[in-house]
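This report concerns only the one structure given below.
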Amino acid sequence: MKRSTIWILTVVMAIALLGLLAMQIMYLEKMVAMRNSQFSEIVMRSLYNVSTMLEQNETKFFLDKDLAEAEQTYAGIGQNSFDFSDRHEATIDTTFNTEDLSTQRPANLSTLKDLNEQRKQEIRNGLNDSYQRRQEILKGQYLYQKSLLNEVILTILNHSSDRPIQERADSATVSNYLRSELEFNGLTLNGLTLPFEFAVVNRTNGVVYKTEGYSPLSQQDVYSLVLFPNDPKSKQNTLNVTFPNKSDYIFSSVKFLVPSLAFTFLLLGVFLYTIAVAFRQKKLSEIKNDFINNMTHEFKTPISSISIAAQMLNDDSVRKSPEMLKHVSTVINDETKRLRFQVEKVLQLSLFDRKNATMRLEEEDANANIYSVINTFKLKVEKYGGHIEANLDAEDPIIKVDRMHFTNVIFNLLDNAVKYRREDVAPELSITTVNPDEDHIQITVQDNGIGMKREDLRKIFDKFYRVSTGNRHDVKGFGLGLAYVHKMIDLFGGSIRAESEVGKGSKFIITLPLYK
């Protein structure tokens, strides 16, 4: 798959996932805002009902007080005026004694009819009188109650605000009313009334009384309503309520969205990981192709040289010339060594595919081993007109390493210094050893080569990575040398870092623990 195709798929999938995530977050914000609005509405409605009930309690208080005073003042009058026990006396006995009528039976029917008419008229007159008396009683009762209510209203308007707020709205009553109203309006958390704290403050925000946990963090957390709004403004008090677990209540109503967001983030993470793996695989594919091309080129040169030398041996004139025969045999020998060295380089790949490389860790003298490598490598440096300067000043050079791998590490660093030399100046290499502290030895390999860019410094220890120098194959190698060096130093329990500047050379600093 082309890199451009991967980028297109990445952009499309990223836009889709980010759009989905943005919509979910937007929906969550709207849900939270709606729940906040509903919460505020429920709280304010509950506060209004509490205020109404407190006003009703105050009205009942003054009504009971006025009734008690009225009963004491008008005890006798009230008892006579509003005793309806005599209502039975006001009723008219509509029955009559038929026996008396029989004893006084008139002589004819006309006399009997007159008596009946007279009797009916008496009954009607009695009923009218009873109805009028009852109307008068009801009218007097209504006028009394009306005057009583007027007195109570005037008393409330004139004297209610004189009562202390602690008596008009004591904390226990307010707490009970608030709890019942909040529960009635559905403001519960885990089946229980949402915990709240409240305070009553005066007009100057002075606290009249408050609950123990009342400590609002900001005014946005406080819900307020004026108690007894008909009081003079100078005497008005405000009920403030806060909810410490408000966020838990809001979250409990939208928590069903959390799994959706979690799965979206998981999907986004998997997508990013997949894209990273795709790019990594693409990079590894390119590295593999470069490695195969480079390895083919590296193997092809010595094989071609050996092939040509072998063909020359078939020539009789070459076999008859001792000098020519010696030259051909030298070429074959050198190219065979070169081929064997390249094969060993490739075999070093096995070290990176195993968790633990097979090593023989022994007590070694770092100065002695480095000096041995320098003596072997000196001729190669002098071939290009350069030289190696050695300052092996470490007083305690004893380390525990695998001798072969340790010498290979030093050889690879020196070999890179020669490979990446500048064409206009002779190579100048230096290697030093010092003891920075009692427990370590520091080995520094420095050159005056072409140097490296900062972005190359971060990758030089990666497997197969090679610093480009224009022609990909102008410098021999597979990009394994520094990766091998880094792995070996790591297995020895040490560390390695590089410093470099383009056109001024590079410096590799190795720190290894001393053998105690």
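The values are calculated or read from the model by the stated rules, or taken from the named source; none is laboratory data. The model shown is predicted, which means the values in this text are computed figures rather than measured ones. Cβ atoms come from the backbone with ideal geometry, glycine included; neighbour counts cover every protein chain shown.
For the reader, a short list of remarks on this structure follows.
- Some residue of the range 61-75 being at pLDDT 75 or above, surrounded by 13 or more Cβ atoms within 10 Å (Cβ to Cβ) and either outside the structural domain of VAL270 (by TED's automatic domain parsing) or outside any helix (DSSP H, G or I) (or both): yes
- Restricting attention to the range 297-325, the residues being closer than 22 Å to LEU339 by Cα and modelled with pLDDT under 75 number 3.
- Matching option when the condition is in a helix (DSSP H, G or I), farther than 27 Å from TYR27 by Cβ and not aromatic (Phe, Trp, Tyr), among SER180, SER253: SER180
- Check on PHE228, within 14 Å of SER40 (Cβ to Cβ), of a type outside the set (Gly, Ala, Ser), in contact (Cβ under 8 Å) with a residue 40 or more places away in the chain and in the same structural domain as VAL174 (by TED's automatic domain parsing): no
- The residue of the range 362-384 that is farthest from LEU413 (Cα to Cα), among those that are of a type in the set (Phe, Trp, Tyr) and assigned to a helix (DSSP H, G or I), is TYR371.
- Members of the range 499-516 found to be hydrophobic (A, V, I, L, M, F, W, C) and either farther than 20 Å from ALA417 by Cβ or buried (at least 17 other Cβ atoms within 10 Å of the Cβ) (or both), listed by number: PHE508, ILE510, LEU512, LEU514
- Those residues of the range 195-211 which are closer than 23 Å to LYS246 by Cα, touching a residue at least 40 places away in the same chain (Cβ under 8 Å) and of a type in the set (Val, Ile, Thr), in sequence order: VAL200, THR211
- Complete set of residues in the range 13-59 that are farther than 19 Å from PHE196 by Cβ and more than 26 Å from the chain's Cα centre (by Cα): GLU55, GLN56, ASN57, GLU58, THR59
- Here VAL43 passes the criteria (1) modelled with pLDDT under 85; (2) over 30 Å from VAL270 (Cα atoms) except the one numbered (1).
- Residues in the range 463-494 that are surrounded by 14 or more Cβ atoms within 10 Å (Cβ to Cβ) and of a type in the set (Ser, Thr, Tyr) were compared, and the one that is modelled with the lowest pLDDT is TYR465.
- Note on the range 398-422: residues that are modelled with pLDDT of 90 or more and surrounded by fewer than 19 Cβ atoms within 10 Å (Cβ to Cβ) total 2.
- Only residues that are out of contact with any Phe, Trp or Tyr (no Cβ under 6 Å at 6 or more places or on another chain) and either of a type in the set (Val, Ile, Thr) or part of a strand (DSSP E or B) (or both) were counted across the range 483-511, and they come to 16.
- Filtered residues of the range 206-239 (kept if loosely packed, with under 14 Cβ neighbours inside 10 Å and among the β-branched types (Val, Ile, Thr)): VAL207
- Checked against the criterion of being in contact with a helix residue (DSSP H, G or I) (Cβ under 7 Å, 6 or more places away or on another chain) and either part of a loop (DSSP other than H, G, I, E, B) or closer than 30 Å to LEU17 by Cβ (or both), the range 207-223 has no qualifying residue.
- For THR242, the conditions (1) exposed (fewer than 14 other Cβ atoms within 10 Å of the Cβ); (2) under 27 Å from ALA33 (Cα atoms); (3) at pLDDT 85 or above are fulfilled apart from (1).
- The range 1-53: number of residues that are among the small types (Gly, Ala, Ser) and in contact with a strand residue (DSSP E or B) (Cβ under 6 Å, 6 or more places away or on another chain): 1
- Checklist (1) in a strand (DSSP E or B); (2) under 30 Å from VAL11 (Cα atoms) applied to PHE271, failing item: (1)
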